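The values are calculated or read from the model by the stated rules, or taken from the named source; none is laboratory data. This one's a predicted model, so the numbers in the text were calculated from it and none came from an experiment. In this analysis, Cβ positions are derived from the backbone assuming ideal geometry, glycine residues included, and neighbour counts consider all displayed protein chains.
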Amino acid sequence: MRSAVAVLFALPLFAVSLSSAAQSSPTRVPRNEDYGSVTGHITCSDTQRPARVAEVRLVPVVPTALTESERTGPTDGVAQGSQLPPVETDMSGAYTLHNVVPGDYYLRVDYIGYITPLTSFTGAQLSKPAPDVQQRMQRDLQIVRVAAHATTQADSVLQRGAAVSGSVLYDDGSPAIGLRVDLLLANEKGEYKKEFQTGFYTPPTDDQGRFRIDAVPPGKYIVVANLSLNDHSTMSMPSPDGKGAVQMNMTRTWFSLPIYSGSVLRRRDAIVIDATAGQEIADANLTVPLSKLHPVSGSLLAPDGHTVNTGTVKLLHADDREELTSVSVRPDDQQFHFPYVPEDTYALTVSGARDTRQIEVENAKGITPPSHFEEKTVQTYGDAEQTLKVETDTMGLLVQVPAKKATAAGAGTTN
């Protein structure tokens, strides 16, 4: 049987009514003979040449008419296109996706240096967009409607993004190697709170402290480098075929201090970068002021004077209460440690303070290590806050946490 060919697309994003979107969303798996396919060409706008070996995928459109209880997604993973595998374009920029479940999809194309509009939206925004988000979706996203027994033509022209590059040095002149560098994008209120996602992995600073972030959409950004410290652990388990072992290396960041563009330690003081399409911004350099950073550490004390072994401690700037960083009480010495704190006045806050004991739990057979420890809460305490002025190294702080106020359900004790 010959397949029909439907040529359309880019559909205006909301030309599809909510009721039809609810009907056409690919939520059911059809019989094999009911699949459709999508084919097209991908072109670079700046060169008018094919986008060769670009990744093309379809991301299901989740109907906005569904209620929260009815909606099973999308998660951010769905928004980024993790559900359906991509295909690569050939040397002419052509691609074909076979065996596609009928329904509506966003067309996503990943090509280094070029903008991937879908990555600027979260799953929540796609499923329940605010009016301003809906306008961006209509402008930036391309919808492909797949029908059974049909081949849909979906071409796309990629826009080259800006690129932001520079170097990160310590104030003694040595390169800051292995630091993560991100861009924070201004939201509608002019607040820089959202990490910009390119859709590609951005490597940490290299052996010269250099970094480069490409595929940046036009907009206002600030650069942030994160001076982070991590804990590492390893676990191994039998491979699925039972003939070997699979090793997993796990990393947990326990401390992070941001340094913003202009080499400042307050987000409000950061230099703003105004990026335009295709622009190369090569002077976004930062310096980490190690000589002006100090360690701060201490302990949490219960009302009876014993040391509390679990809790979260935050440092907020005293003038505007913007969070600088936070740490947890470390189980090895029952203290909190901030290894690098800028000179300033802070509100030191404590939350989640509690006494815990470690319970050893056996892992499943074949897993190394053979056991792990889980926390059991013995007693909980109230939150605390005190002023802290950091001018030099500050060790041995004692922070008193109050007894937790009784509630209708009783006091804060867990058996």
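Scanning the range 201-232 for residues that are of a type in the set (S, T, N, Q) and modelled with pLDDT under 85 yields one hit, Thr202.
Among the residues making up the range 137-173, a single one is in contact with a helix residue (DSSP H, G or I) (Cβ under 8 Å, 6 or more places away or on another chain), more than 28 Å from Thr202 (Cα to Cα) and either modelled with pLDDT of 95 or more or part of a strand (DSSP E or B) (or both): Arg145.
Summed over the range 258-281, the residues that are in a strand (DSSP E or B) and surrounded by fewer than 14 Cβ atoms within 10 Å (Cβ to Cβ) give a count of 2.
Only one of the numbered conditions (1) exposed (fewer than 13 other Cβ atoms within 10 Å of the Cβ); (2) in a strand (DSSP E or B) is not met by Ser291, and that is (2).
Matching residues to (1) basic (Lys, Arg); (2) more than 17 Å from the chain's Cα centre (by Cα):
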{"residue": "Arg212", "(1), (2)": "yes, yes"}
{"residue": "Ala215", "(1), (2)": "no, no"}
{"residue": "Lys220", "(1), (2)": "yes, yes"}
{"residue": "Ala225", "(1), (2)": "no, no"}
{"residue": "Leu229", "(1), (2)": "no, yes"}
{"residue": "Ser236", "(1), (2)": "no, yes"}
{"residue": "Asp241", "(1), (2)": "no, yes"}
{"residue": "Ala245", "(1), (2)": "no, yes"}
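Note on the range 185-200: residues that are crowded, with 19+ Cβ neighbours inside 10 Å and either modelled with pLDDT of 70 or more or of a type in the set (Lys, Arg) (or both) amount to 2. Across the range 85-136, the qualifying residues are those that are assigned to a strand (DSSP E or B), in contact with a Lys or Arg (Cβ under 6 Å, 6 or more places away or on another chain) and not aromatic (Phe, Trp, Tyr), and the one among them that is farthest from Glu188 (Cα to Cα) is Asp104. Among the residues of the range 125-136, none is identified as touching a helix residue (DSSP H, G or I) at 6+ places or on another chain (Cβ under 8 Å) and surrounded by fewer than 15 Cβ atoms within 10 Å (Cβ to Cβ). Among the criteria (1) over 24 Å from Asp274 (Cβ atoms); (2) in contact (Cβ under 8 Å) with a residue 60 or more places away in the chain; (3) under 20 Å from the mean Cα position of the chain (by Cα), the one Ala147 does not fulfil is (3).
Table: residues versus (1) farther than 30 Å from Lys128 by Cα; (2) at pLDDT below 95; (3) not hydrophobic (A, V, I, L, M, F, W, C).
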position	(1), (2), (3)
Pro30	no, yes, yes
Val38	no, no, no
Val56	no, no, no
Pro60	no, yes, yes
Val78	no, yes, no
Gln83	no, yes, yes
Ser92	yes, no, yes
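On inspection, Glu343 qualifies as surrounded by fewer than 17 Cβ atoms within 10 Å (Cβ to Cβ), at pLDDT 95 or above, charged (D, E, K, R) and in contact with a strand residue (DSSP E or B) (Cβ under 7 Å, 6 or more places away or on another chain). Quick one: is Phe255 at pLDDT 95 or above, in the same structural domain as Thr205 (by TED's automatic domain parsing) and surrounded by 17 or more Cβ atoms within 10 Å (Cβ to Cβ)? Judged against the criteria, Phe255 is a match.
On the basis of being touching a strand residue (DSSP E or B) at 6+ places or on another chain (Cβ under 6 Å) and either among the basic types (Lys, Arg) or exposed (fewer than 12 other Cβ atoms within 10 Å of the Cβ) (or both), does Arg330 make the cut? Walk me through how you get there before you give the answer.
Values: touching a strand residue (DSSP E or B) at 6+ places or on another chain (Cβ under 6 Å): no; either among the basic types (Lys, Arg) or exposed (fewer than 12 other Cβ atoms within 10 Å of the Cβ) (or both): yes.
In short, no.
Residue selection: Glu322 satisfies the criterion of being surrounded by fewer than 17 Cβ atoms within 10 Å (Cβ to Cβ), more than 18 Å from Val401 (Cβ to Cβ) and touching a helix residue (DSSP H, G or I) at 6+ places or on another chain (Cβ under 7 Å). For the range 392-405, the set of residues classified as free of Cβ contacts under 8 Å to residues at least 60 places away in the same chain and either closer than 20 Å to Ala318 by Cα or crowded, with 16+ Cβ neighbours inside 10 Å (or both) consists of Lys404 only.
When the range 227-244 is filtered for residues that are assigned to a strand (DSSP E or B) and either touching a Ser or Thr at 6+ places or on another chain (Cβ under 9 Å) or of a type in the set (Lys, Arg) (or both), the ones remaining, listed by number, are Leu227, Ser228, Leu229, Asn230, Asp231, His232, Ser233, Thr234, Met235, Ser236, Met237.
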